[in-house]
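See below for the structure under consideration.
The values are calculated or read from the model by the stated rules, or taken from the named source; none is laboratory data. Bear in mind the structure is a predicted one, so any value in this text is a computation, not a measurement. Virtual Cβ from ideal backbone geometry, glycine too; neighbours counted across all protein chains shown. Heads up: the accessible areas ignore ligands, DNA and RNA and are worked out on the full protein's heavy atoms, side chains in. Shrake-Rupley method; radii C 1.70, N 1.55, O 1.52, S 1.80 Å.
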Amino acid sequence: MKEYYPGIPKVKYEGPQSDNPFAYKFYNPEEIVAGKKMKDQLRFSAAYWHTICAAGADMFGVATADKTFGKTDPMELAEAKAHAFFEIIDKLGIDYFAFHDRDIAPEGSNLAETNKNLDKIVDLFETLMKEYKKNLLWGTANMFNNPRYMHGAGTSCNPDAFAYAAAQAKKAIEVTVRLNGSGYTFWGGREGYETLLNTNMGLELDNMARLLHLATDYGRSIGFKGAFYIEPKPKEPTKHQYDFDASTVIGFLRKYGLNMKLNLEANHGTLAGHTFQHELRVARTEGYFGSVDANIGDLLLGWDTDQFPNDVYDSTFAMYEILKAGGFTTGGLNFDAKARRASFQPDDIFISHIMGMDTMALGLRMADKLIRDGRIDQFVEDRYAGYKSGIGKKIVDGTVTIQELEKYALEMGDVKTNKSGRQEYLEGVVNQILFG
Ligand code: XLS
Ligand code: CA
Ligand code: CA
């Protein structure tokens, strides 16, 4: 069989002292951390659209990397990409992947032809998944690229676009079921608006929910047992995306009675003005934690840079939330990430994943230490201890009236029992755990 990346070895764990760029320094798949093998805690996944498709083009310039494998015929190129992609994830020891329908096969001249192209590549995926023992983390439909979706998909003002989107989602869910995917993601690429001057917000939101109901009900009817996710993002490509952040999406899901979880992207959290940890905390507190796109943004830039994670504070706090949520079930850590445009050599694909995986592995190790150390959790426990007895317990139990609280306040005179929040002490504890 043709090797697409000759010279790149199978990447193994060599430990923190290794200077081999093609080795893991912190990710040791079989090592037990926080009660499970690291590979089962982290459930790494590679994103097809970046890893094998994105070639460095941006708004100001064409591709810098060559990902054509000498092919010009679109179906031959799709096949070559599939082979190359599975070789990459196999060499990296990544067990999962995610893809959009349009990443893997080209569009034909009509929907029927497009579906035929897709089926042909899905046949190949089925073979390659078996051969390499790889699993689908989630599938999705690209309902934002084609001009037909210029006004949105589920939120389009044009019912023909809504119908086309429904047909596309139906097919993508069928493909996900066929490949035994453990999830299916909806990212509302153009589900938002540019100006309220031409927008019926109420109808657009209702219709978005209608599409999600139709698609998820259909998925269940054909035996899909995995999780349906929504992925929040506040902006880009539209000025305002309806799935703004975790809180907004949870409110939407509750309003419309949709049984879905969240796929949270670090980068989208910061674009919404939150930390990644905040988004994860909201999801776990509300019972909506599902899966993660671990790629980060550049805090000095206002757009979606999809970078491999390199910040260990960030990965520690993210893994802390994930462990506290009970760890992944259907979800995993997907790298919706691309190497920078100037990192165009084929081996950069490997080096960037290795760095990102080591960052998340370090985060897992540090989060586990933080939890085992116990000082932070104990501090939080103590801080709210007042709600375990006396007036606090009555508030929490809902057995107090506002008149009783007034009486209590009058007798108290003033609040004299506040204690320091000790933020700096806690930040010191984190530094000690990371570097001590
Ligand atoms: C884009 C999104 C997208 C989703 C899948 O910003 O991150 O890639 O993850 O459609
Ligand atoms: Ca992104
Ligand atoms: Ca994403």
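Annotations for the structure displayed:
- FRET efficiency, A409 to L214 (Cβ-Cβ, R0 60 Å, nearest 0.05): 0.70
- Distance between modelled label sites at K120 and D40, nm, 7 Å Cα→Cβ extension: 4.1 nm
- Ranked by the mean number of other Cβ atoms within 10 Å per residue, highest first, peptides 318-327, 370-379 order as 318-327, 370-379.
- Theoretical FRET efficiency, 1/(1+(r/R0)^6), r = Cβ-Cβ of L77 and D298, R0 30 Å, to 0.05: 0.45
- Normalising the Debye intensity of region 1-152 to I(0), with uniform scatterers on Cα atoms only, and taking log10 at q = 0.14, 0.21 Å⁻¹ returns -0.82, -1.45.
- Taking the inverse of the mean reciprocal distance over all distinct Cα pairs, the Kirkwood hydrodynamic radius of region 329-376 comes to 12.9 Å.
- Highest-fluctuation residue, Y384, Y218, Y193 considered, GNM on the chain with Cα pairs under 10 Å: Y384
- Three-way shape label, region 232-322, alpha-carbon gyration tensor, a/c 1.5: oblate
- Each residue of region 338-355 is assigned a 3J(HN,Hα), and the resulting list reads 10, 5, 4, 4, 7, 8, 9, 6, x, 6, 5, 4, 6, 4, 5, 5, 4, 4 Hz, derived from the Karplus form 6.51 cos²θ - 1.76 cosθ + 1.60 (θ = phi - 60°), x at Gly and Pro.
- Legend: distances between Cα atoms for K233/K419; K39/K225; K39/K239; K71/K133; K25/K133; K25/K171; pairs beyond 30 Å are K233/K419; K39/K239; K25/K171.
- Distance in nm between pseudo-label sites at L197 and I32 (7 Å out along the Cβ direction from Cα): 6.5 nm
- Extension gain from N110 to T417, taking 0.36 nm per residue of separation minus the Cα-Cα distance: 103.5 nm
- Remark: the S221-N158 segment gains 20.0 nm on full extension, using 0.36 nm per residue and subtracting the alpha carbon distance.
- Just checking the listed ones, K130, K171, K239: in the Gaussian network model of the chain with Cα springs under 10 Å, the one fluctuating most is K130.
- Å² of accessible area per residue within region 133-176, as computed with a 1.4 Å probe and no ligands counted: 39 Å²
- Under 13 Å of direct C-alpha separation, and excluding same-chain neighbours fewer than eight residues apart, K36 reaches these aspartates and glutamates: D368.
- An oblate overall shape is assigned to the chain, the ratio a/c of its alpha-carbon gyration tensor axes (a ≥ b ≥ c) being 1.5 or greater and a/b not exceeding b/c.
- Remark: for residue pairs K235/K393; K324/K388; K261/K407, the C-alpha separation exceeds 32 Å in K235/K393; K261/K407.
- With the simple spin-label model, which puts each label point 7 Å out from Cα in the Cβ direction, the E14 to D382 separation comes to 4.5 nm.
- Surface share of carbon and sulfur [accessible, 1.4 angstrom probe, percent] for region 357-436: 54 percent
- Förster-model FRET efficiency, 41 Å R0, T127 and D397, C-beta, rounded to 0.05: 0.10
- Cα centroids of region 1-59 and region 235-288: 28 Å apart.
- For the chain, the antiparallel share of DSSP beta bridges with both residues in that region comes to about 20%.
- Over the residues of the chain, the helix contribution to mean residue ellipticity at 222 nm works out to -14500 deg cm²/dmol, using -39500 (n - 2.57) for each DSSP H run of at least 4.
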